[in-house]
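Heads up: the structure comes next, in structure tokens.
The values are calculated or read from the model by the stated rules, or taken from the named source; none is laboratory data. Since the structure is predicted, the reported quantities are computational estimates derived from the model, not experimental observations. Using ideal geometry, Cβ is built from the backbone for each residue, glycine included, and neighbour counts are taken over all protein chains shown. Ligands, DNA and RNA are stripped out before the accessible areas are found, and what is left, the full protein with its side chains, is counted by its heavy atoms. Shrake-Rupley method; radii C 1.70, N 1.55, O 1.52, S 1.80 Å.
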Amino acid sequence: MKLNIANPATGQQKTVDIDEERRYRIFYDKKISQEVEADTLGDEWKGYVLRITGGNDKQGFPMKQGVLLPHRVRLLLSDGHSCYRPRRDGERRRKSVRGCIVGSDIAVLSLIIVKQGDNELPGLTDNVLPKRLGPKRATKIRRFFNLSKEDDVRKYVIRREVKSKKKENAKPYTKAPKIQRLVTPIRLQRRRHLRALNRRRIDRIKEQKAEYDTLVQKRVAEKKAKVAAAKASHK
């Protein structure tokens, strides 16, 4: 079985191939999102705790969370379900997926390190990879830098240096993401304008309705007077 292990704390990832079944038997009958102590994988794994995040069986079918079975099933999947990507709006399709309980037919198991042990693991805990991209949403930038609402978020956007691939001797330049959900004076002005338009539209509709009701009452009164005049002439 191959164990695809990731360490969120350092950003590193490593695939470990284990041939002895007695070493990875601890994962049998465990479900996705369960935590497992990794002491039996080897002495270097002593003290480590791993969480199961997914996997594939020997035919390549992915494990699906919520399917509490240790074998493969065919499910009718639609937009929003995992293990399925719709090609058209409203499309549904019956697909084969593997249950979320680990068994002997699993070829690759995805894991993440929840608790680090005493020993360093080369390729997982020995180096910290910097995050390539920073936060993009305004509230997440504030949380990342511990900012208050008075601070200008635009000054704290993480920029990255980019070199042109077409020109070899081109001067490098920086790129930054467009901040999402940023409340600016222009945005507030636009919101006030839209609300004013909405209020004007409601007032105009009320005026038109009052004019229409007046006209209807006038027509009804004219009709009643006409009917009364016709009855009076017959007498």
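The set of residues in the stretch 34-48 that are under 28 Å from the mean Cα position of the chain (by Cα) and surrounded by fewer than 16 Cβ atoms within 10 Å (Cβ to Cβ) comprises GLN34, GLU35. Picking from residues in the stretch 1-33 that are of a type in the set (A, V, I, L, M) and either surrounded by 14 or more Cβ atoms within 10 Å (Cβ to Cβ) or in a helix (DSSP H, G or I) (or both), the one that is farthest from the chain's Cα centre (by Cα) is ILE18.
As a summary of the residue check, THR139 satisfies the conditions (1) assigned to a helix (DSSP H, G or I); (2) open to solvent by 90 Å² or more (accessible area, probe 1.4 Å) except for the one numbered (2). Tallying residues that are open to solvent by 100 Å² or more (accessible area, probe 1.4 Å), out of contact with any strand residue (DSSP E or B) (no Cβ under 9 Å at 6 or more places or on another chain) and either part of a loop (DSSP other than H, G, I, E, B) or aliphatic (A, V, I, L, M) (or both) within the stretch 142-176 yields 9.
Here ALA170 fulfils each of the conditions (1) at pLDDT 90 or above; (2) farther than 30 Å from ILE5 by Cα apart from (1). A Cβ distance below 8 Å, combined with a sequence gap of six or more or placement on separate chains, defines the contacts here; from the stretch 189-213, residues that are at positive phi reach no residue that is open to solvent by less than 100 Å² (accessible area, probe 1.4 Å). Scoring SER82 on the criteria (1) of a type outside the set (Lys, Arg); (2) over 19 Å from the mean Cα position of the chain (by Cα); (3) open to solvent by less than 80 Å² (accessible area, probe 1.4 Å) leaves a single failure, condition (2). Restricting the stretch 90-117 to residues that are without any contact (Cβ under 8 Å) to a residue 24 or more places away in the chain and of a type in the set (Lys, Arg), the residue that is surrounded by the fewest Cβ atoms within 10 Å (Cβ to Cβ) is ARG94.
Would you confirm whether or not the stretch 188-206 contains a residue that is part of a loop (DSSP other than H, G, I, E, B), closer than 28 Å to ARG142 by Cα and either touching a strand residue (DSSP E or B) at 6+ places or on another chain (Cβ under 9 Å) or open to solvent by less than 90 Å² (accessible area, probe 1.4 Å) (or both)? No: zero hits. Determine if the stretch 55-75 includes at least one residue that is touching a residue at least 60 places away in the same chain (Cβ under 8 Å), open to solvent by 40 Å² or more (accessible area, probe 1.4 Å) and not polar (S, T, N, Q). No, the stretch 55-75 contains no residue that is touching a residue at least 60 places away in the same chain (Cβ under 8 Å), open to solvent by 40 Å² or more (accessible area, probe 1.4 Å) and not polar (S, T, N, Q).
Among the residues of the stretch 118-135, is any at negative phi, outside any loop (DSSP other than H, G, I, E, B), surrounded by 13 or more Cβ atoms within 10 Å (Cβ to Cβ) and touching a residue at least 24 places away in the same chain (Cβ under 8 Å)? So far as the stretch 118-135 goes, no, none of its residues is at negative phi, outside any loop (DSSP other than H, G, I, E, B), surrounded by 13 or more Cβ atoms within 10 Å (Cβ to Cβ) and touching a residue at least 24 places away in the same chain (Cβ under 8 Å).
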